[in-house]
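Please read the structure below before turning to the comments.
The values are calculated or read from the model by the stated rules, or taken from the named source; none is laboratory data. As the structure is a computational prediction, the values presented were derived from the model and not from experiment. Neighbour counts are summed over all protein chains in view; Cβ atoms, including those assigned to glycine, are modelled from backbone coordinates with ideal geometry.
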Amino acid sequence: MDKFIPLSVPKLKGKELEYVTNAIETEWVSTGGAYINEFEKNIAKYLNIENAVACQSGTAGLHLALRLCEVKYGDEVIVPTLTFIAAVNPVKYLGAEPIFMDCDDTLNMDLDKLEEFCEKECYLTEKGLINKKTKKIIKALVVVHVFGNMVNMEKIMNIANKYKLKVVEDATEALGTYCTEGKYKSKFAGTIGDFGVYSFNGNKIITTGGGGMLVGKNIDLVLKAKYLSTQAKDDQLYYNHSEIGYNYRMTNIQAALGVAQLERLEEFIQIKTKNYSLYKSKIKNIEGLSLLDFNQNCRSNYWFYSLVINKEKYGLNRDELLKKLSEKKIQTRPIWGLIHKQKPYVNSQSYKIEKANYYLEKIINIPCSTNLSKEEVLMVIKALTNLKLSI
């Protein structure tokens, strides 16, 4: 019987049980407790920033970030179409509308098209950037570091500054990725824009089961995010509230997991990098398959690996390969369905979507867990090779 190789599962072999047990034994299991504060402090130290706010999810963090960017009903926000839908839904939570951008060959937002859109399809006023088509203000830009591959943040910030756009970095897949050259050398993904958001979902490079973290340049706004995440409570005794808040605080049990996982983040990145290199060296010998590169101007966390399929040369298309690998108990997945084609967004504005359509049909993600062994990588390579030979 073939061994099952999952796509991406966590590695919980550190102090997770010790810390979670401590949280339970001390009976601090909800949205108060020492581990929440410790997790925030440790993340901030790792990222070389002042403060961080632990949330129930990356989605909650994105919602808070957009609210603090003053996105409101009737505004517009530029977003990528090639991403997980959680990067876009918070725009709608606030009554705003998304404008969808194409991807480039890294799967990240096409910054040339972004700049072209701002220049040709909009005009700048004292109030901000106005969309010629809708006459609405474009308030912010959500940029996603897809699969841990860092966007060119120097270009993003230049565009944002020129056109008066707030920048929310969706770094939910990119904890540990940082620039290695240029203006933002040594700056981590998520720490360059106005706000950055991380996710600790079960398949992320470190996990709390569920959960997220929000960071930002303006310390007062970061503290405001914490205030809003705890139901905008003005005092702890009489429960007075001056604003509408949310139940978005991370639990102490989740944070206990996070503290233990963060201790091993750099080790996990080393494993991810090593396995990617092994895949890369072997897949290049299989005609019709290639592994998508990561940007060379950053140290990526190598979260997910993207296998590009050329059906004419390999003999199988995306869906056929997914099925064949599943039969061999190797779990893979296609990239997300493009968001501008999803039912809630079919009437939203999009701009020159081309490459996203191309890559949607060409890419699957292959096993990349932090506990993936060399033997398992070679088993995946063998399966890919044998499928090619059998056609």
task = Grab the strands (runs of 3 or more DSSP E) fully contained in segment 64-160, keeping just those with 2 or more residues being at pLDDT 95 or above and within 22 Å of Lys187 (Cα to Cα).
result = 137-144
message = I'd like to know if segment 383-390 contains one or more residues that are in a loop (DSSP other than H, G, I, E, B) and touching a residue at least 40 places away in the same chain (Cβ under 8 Å).
response = no
task = Identify all residues within segment 148-164 that are in contact with an Asp or Glu (Cβ under 7 Å, 6 or more places away or on another chain) and surrounded by fewer than 24 Cβ atoms within 10 Å (Cβ to Cβ); write none if there are none.
result = Ile159
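Matching residues to (1) under 26 Å from Asn297 (Cα atoms); (2) surrounded by 24 or more Cβ atoms within 10 Å (Cβ to Cβ):
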| position | (1), (2) |
| --- | --- |
| Glu116 | yes, no |
| Ile138 | no, yes |
| Val142 | yes, yes |
| Lys166 | yes, no |
| Glu173 | yes, yes |
| Thr180 | yes, no |
| Lys183 | yes, no |
| Ser186 | yes, no |
| Tyr198 | yes, yes |
query = From the list Gly216, Gly211, Gly196, which residue is among the small types (Gly, Ala, Ser) and in contact with a Cys (Cβ under 8 Å, 6 or more places away or on another chain)?
reply = Gly211
task = Being in a strand (DSSP E or B) and out of contact with any Asp or Glu (no Cβ under 9 Å at 6 or more places or on another chain) is the filter here, so list the residues in segment 281-305 that pass it.
result = Leu289, Ser290, Leu291, Arg299, Tyr305
task = Specify the residue that is surrounded by the fewest Cβ atoms within 10 Å (Cβ to Cβ); the eligible residues are those in segment 343-382 that are more than 30 Å from Thr81 (Cβ to Cβ) and in contact (Cβ under 8 Å) with a residue 40 or more places away in the chain.
result = Lys374
ask   = Under the condition of being surrounded by fewer than 16 Cβ atoms within 10 Å (Cβ to Cβ) and more than 19 Å from the chain's Cα centre (by Cα), which residue from segment 94-114 is farthest from Leu66 (Cα to Cα)?
value = Asp112
query = Within segment 59-67, is there a residue that is crowded, with 18+ Cβ neighbours inside 10 Å, small (Gly, Ala, Ser), closer than 22 Å to Phe294 by Cβ and under 17 Å from the mean Cα position of the chain (by Cα)?
reply = no
query = How about segment 196-227: which of its residues are among the hydroxyl-bearing types (Ser, Thr, Tyr) and within 14 Å of the chain's Cα centre (by Cα)?
reply = Tyr198, Ser199, Thr207
task = Please tell me if Lys41 is loosely packed, with under 13 Cβ neighbours inside 10 Å, without any contact (Cβ under 8 Å) to a residue 40 or more places away in the chain and in a helix (DSSP H, G or I).
result = no
